[in-house]
1. Pull out all pairs, ordered by first then second residue, where Cβ-Cβ is under 7 Å, the residues are six or more apart or on different chains, the first lies in the stretch 192-214 and is free of Cβ contacts under 8 Å to residues at least 40 places away in the same chain and aliphatic (A, V, I, L, M), and the second is in a loop (DSSP other than H, G, I, E, B) and surrounded by fewer than 23 Cβ atoms within 10 Å (Cβ to Cβ).
2. Mind checking whether some residue in the stretch 181-188 is at pLDDT 95 or above, in contact with a Pro (Cβ under 9 Å, 6 or more places away or on another chain) and under 16 Å from Gly58 (Cβ atoms)?
3. Which residue is surrounded by the most Cβ atoms within 10 Å (Cβ to Cβ), if the candidates are limited to the stretch 83-124 and must be touching a residue at least 12 places away in the same chain (Cβ under 8 Å), of a type in the set (S, T, N, Q) and not in a loop (DSSP other than H, G, I, E, B)?
4. Can you tell me how many residues in the stretch 232-251 are over 17 Å from the mean Cα position of the chain (by Cα) and in contact (Cβ under 8 Å) with a residue 24 or more places away in the chain?
5. Can you go through Ile229, Ile206 and tell me which one is over 14 Å from Leu249 (Cα atoms), buried (at least 21 other Cβ atoms within 10 Å of the Cβ) and either in contact with a Pro (Cβ under 8 Å, 6 or more places away or on another chain) or hydrophobic (A, V, I, L, M, F, W, C) (or both)?
6. Does any residue in the stretch 217-231 that is under 18 Å from Ala19 (Cα atoms) come within less than 6 Å, Cβ to Cβ, of a residue that is surrounded by fewer than 17 Cβ atoms within 10 Å (Cβ to Cβ) six or more places away or on a different chain, and which pairs are these?
7. How about the stretch 69-82: which of its residues are more than 14 Å from Val172 (Cα to Cα) and either among the hydrophobic types (A, V, I, L, M, F, W, C) or in a helix (DSSP H, G or I) (or both)?
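The values are calculated or read from the model by the stated rules, or taken from the named source; none is laboratory data. Everything numeric in this text was worked out from a predicted model, so none of it was measured. Because the Cβ atoms are built from the backbone with ideal geometry, glycine has one as well, and the counts that use them run over all protein chains shown.
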Amino acid sequence: MNVKPDFSKNANMASTAPAFLSVYDMHAYYGESYIIQGISFNVHEGEILALLGRNGAGKTTTLRGIARMDAPQVTHGEIWLDHQHLHTMKSHQAAVAGIGLVPEDRSIIPGLTVEENLQLAQIVEPIGWTLDRLYDLFPRLGERRKQEGVTLSGGEQQMLAIARALARDIKVLLLDEPYEGLAPVIVDEIEKTLIHIKEQGITTVIVEQNAVRALELADRSVILDTGSIVFDGTAAEVLENAELRAEYLAI
């Protein structure tokens, strides 16, 4: 088991690394709380990474830090996407650069239809993920395109949140608890969609309390414990290591 990722001490290592998304020595705070304590990891293009850990480990903080959200406050470190330095960007600039965050609450905009939610996300005319292509991927959304987004079922809202992220022709999809509150049959449907997205070359980082489902989907896993990385390796290694799962994932 590789307990810590092996990184060069060169501060610009991520700019020349083969990884597509690189986080290097990131530190982040919520107010006075020191949440992320110098984490570093790489994600390769088209890979699905399961970012796991117990509640409070720093998973959501990491996603929000990558997406350059105002909270948390990232005080140190570098974040690179396809040789672009995200760590100097604001959230809207990171979005244009190719980061798509689907938050835990899905953030569907009240008063707007399914189609209006998608159109609002298309900052520029999409090259790949047109509305027709999104409706092919999510037929239910096509059927409900004129329905107000917040009136959809939980599973349909999750589909809309993912579709809205894709609508900006993103390079990296960040998913925060995408299975929460969903029936297993809907989770199956979401996972089939994520596999299809992977086949299109999109890189995905998934934070999920249902760790087994996430690991069965993922190529690799990073496990956090109190703001530090305690494991960086393949998802299969985690599934095969009962001691690791019990200590850090309680499964």
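1. That search, which allows pairs on different chains as well, returns Val212/Ile251.
2. Looking for residues that are at pLDDT 95 or above, in contact with a Pro (Cβ under 9 Å, 6 or more places away or on another chain) and under 16 Å from Gly58 (Cβ atoms), one finds none in the stretch 181-188, hence no.
3. Selected residue: Asn117.
4. Summing the residues that are over 17 Å from the mean Cα position of the chain (by Cα) and in contact (Cβ under 8 Å) with a residue 24 or more places away in the chain in the stretch 232-251 gives 11.
5. Just a single option satisfies the conditions, and that option is Ile206.
6. Once the first residue is under 18 Å from Ala19 (Cα atoms) and sits in the stretch 217-231, its partners that are surrounded by fewer than 17 Cβ atoms within 10 Å (Cβ to Cβ) give Arg220/Thr234.
7. Listed by number, the residues that qualify are Met69, Ala71, Val74.
The rows are residues; the columns are (1) within 27 Å of Leu182 (Cα to Cα); (2) of a type in the set (S, T, N, Q).
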site	(1), (2)
Phe41	no, no
Ala57	yes, no
Thr62	yes, yes
Pro110	yes, no
Thr113	yes, yes
